[in-house]
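Reading through the structure tokens given below for one structure.
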Amino acid sequence: MKSIKTILNGLLYENPTFILLLGMCPTLATTTGVSNAVGMGLSAAAVLICSNIVISLLRKLIPSKIRIAAYIVIIAGFVTVVQMALEAYLPSLYESLGLYIPLIVVNCIILGRAEAFASKNSVWLSALDGLGMGLGFTCALVLIALVREVLGAGEILGMSIFPEAWNFQPASIMLLAPGAFLTLGVLLGIINAVRGRGGKKNA
Amino acid sequence: MKTSNPVVLALVLFLITAIVTFALAFVNSLTEPVIAMNTEQKITEAQQAVLDADEFSDDLDTANIQLSETGVSVDALKLGFTDGECVGYVVTTTCSEGYGGDIQVMVGINNEGGENTVNKIEILSLSETPGLGANAQKDTFKDQYGGKEAGITVKKGGGATGNEIDAISGATITSKAVTKAVNAALEAASGVVVSSDFDESEEPESVEPESVEPESVEPEGAEPENADAGDAVPVEVGEKAEVE
């Protein structure tokens with residue numbers, strides 16, 4: 001029961017992007033297309049799960065005075081592994097994500113979960129927390145990317161979705177930085193409106 | 001663990017770092033050959049796509065190539081042969097003036113009777129905005145370069161004629177950067193003298209791209225005439241002869 005709750009927590013109630021508002025930099029930068037968003041989300045999720053497991057395993061061994069340094073070394077190690085694996089086996093994704101893979105190191109979701117969850121909970125729960133948060137992050141990125149790619153390029157995963165007869169003119173601004181802010185803002189507004197209603201009922 | 005003994009702290013951190021380092025070294029030893037193979041395969045496929053030739057030479061020394069413009073560099077230059085005849089060049093250039101950074105382009109150049117025209121181009125790497133600049137990878141854009149000669153210009157808003165290409169809508173910077181890379185490739189190729197094809201009368205053609213550049217300080221048209229016209233493929237790259 002607690003396991004399911006932990007996963008749902010990351011996916012919904014404490015969604016890192018829409019509720020905690022963590023990791024905004026990759027959220028804004030890599031959501032130009034759905035394939036990039038999936039790649040970024042899953043890479044971050046992989047790092048998150050691995051680092052949560054290792055940090056949870058070592059939680060009794062790492063002195064609290066140097067814990068942040070130790071976490072960063074562990075996280076950076078996993079990020080580099082992911083980076084090398086992507087470059088070797090998924091070179092096209094590696095190229096389009098570019099700089100944002102190394103930046104997973106400083107993605108505050110990962111350090112945040114290490115500090116807030118993995119350092120206090122069992123390995124099993126930490127792994128599930130990583131999974132839930134990672135999937136929550138991935139879903140959020142895909143949602144933003146979907147909006148941006150459809151409106152900005154008229155495509156999903158690089159395939160045109162509008163019939164030619166409609167003569168759909170994509171709004172390029174949605175693919176540029178302002179489009180990321182617009183999409184994120186509108187989605188956050190919608191989510192807050194929905195949550196606000198639910199909240200009032202509870203209160 | 002609660003300790004504030006600095007020796008213990010340092011030791012623990014050192015241990016963690018050392019373990020991570022060894023793990024990374026191990027993963028690197030697995031992925032490095034795959035990465036190198038990917039890169040090589042990509043280049044081989046690309047060069048066969050951009051130039052119709054049976055064989056390709058090794059990379060020529062490009063250190064001496066002087067380009068008339070900045071922001072672009074020549075990474076590699078190869079010759080393509082069909083039946084032992086040099087039919088053209090494959091030049092890889094990088095233009096750093098893309099919207100999202102470097103754009104690496106491989107240009108296949110046909111050499112017919114001493115005149116260089118673009119056969120096909122291939123974008124090796126770019127990090128442009130998807131849906132805008134990244135459209136440079138689409139064939140509709142790349143195919144425009146076919147048959148063009150040095151000094152290609154970019155036309156905004158469609159209707160390109162002659163030696164112009166249509167800019168990608170919304171991505172003029174990308175279009176210009178790719179064009180610059182292609183022009184640089186043509187310029188680099190024009191400096192290559194393949195003796196079997198060398199023909200004095202063609203020389204003004206091959207140096208034309210530089211002669212229209214007012215900033216160009218390279219002495220032009222001073223290629224040493226090659227007497228061994230029958231030789232198969234002795235090659236000189238990129239030298240504009242030094243004038244004292």
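Quick notes
- The label-point distance for A:Glu95 and B:Asp166, in a model that sets each label 7 Å from Cα toward Cβ, rounds to 2.4 nm.
- If you take the Cα centroid of the stretch A:75-114 and the Cα centroid of the stretch B:9-28, the two points sit 18 Å apart.
- Listing A:Ser172, A:Ser92 from fewest to most neighbouring C-beta atoms within 10 Å gives A:Ser92, A:Ser172.
- Restraint check, B:Lys156/B:Lys180; B:Lys78/B:Lys156; B:Lys42/B:Lys142; B:Lys120/B:Lys155; B:Lys78/B:Lys155; B:Lys78/B:Lys142, Cα-Cα greater than 26 Å: B:Lys78/B:Lys156; B:Lys78/B:Lys155
- Gained length - B:Glu115 relative to B:Thr17, 0.36 nm times residue gap less alpha-carbon distance: 29.4 nm
- Sorted fewest first by neighbouring Cβ atoms within 10 angstrom, A:Lys60, B:Lys180 come out as A:Lys60, B:Lys180.
- Each residue of the stretch A:2-89 gets 134 Å³ once the volume of the Cα convex hull is shared out per residue.
- A dipole drawn for the stretch A:2-202 from +1 and -1 charges on Cβ atoms has a positive end, and of A:Leu182, A:Leu90, A:Leu135 the residue lying farthest that way is A:Leu135.
- Label-point separation, B:Lys155 to B:Asp83 (7 Å along Cα→Cβ), nm: 3.7 nm
- Under-23-angstrom lysine pairs by C-alpha in the stretch A:2-202, whenever the two are 8 or more apart or on separate chains: 7
- Cα gyration tensor shape for the stretch A:2-202, rounded if a/c is under 1.5, else prolate or oblate: oblate
- Taking other Cβ atoms within 10 Å as a rough exposure proxy, B:Thr31, B:Thr174 sort from fewest to most as B:Thr31, B:Thr174.
- For the protein assembly as shown, size of Cβ-based charge dipole, Lys and Arg +1, Asp and Glu -1, in debye: 6600 debye
- Cα→Cβ-extended label distance, 7 Å offset, between B:Asp58 and B:Thr3, nm: 5.6 nm
- Near the amide H of B:Leu124, within less than 5 Å, lie the amide hydrogens of B:Gln104, B:Val105, B:Met106, all on another chain or at least 5 residues away, with H placed in the peptide plane.
- 10 Å Cβ neighbours from other chains, averaged over peptide B:125-135: 6
- Between the stretch A:126-158 and the stretch B:87-144, the alpha-carbon center distance in angstrom: 32 Å
- Here the dipole of the stretch A:1-99 is about 620 debye; that uses its Cα centre as origin and unit charges on the Cβ of Lys and Arg (positive) and Asp and Glu (negative).
- Under a model in which nothing but the beta-carbon of Lys, Arg (+1) and Asp, Glu (-1) is charged, chain A shows a dipole of about 1160 debye around its Cα centre.
- Most to least packed among B:122-128, B:36-42 [average Cβ atoms within 10 Å]: B:122-128, B:36-42
- Spread over its residues, the convex hull of the C-alpha atoms of the protein assembly as shown is 200 Å³ per residue.
Bear in mind these aren't lab numbers, they're just calculated from the coordinates by the rules spelled out. Small disclaimer: the values here were computed from a predicted structure and weren't measured. As a convention, Cβ positions derive from the backbone with ideal geometry for all residues, glycine included, and neighbour counts pool all protein chains shown.
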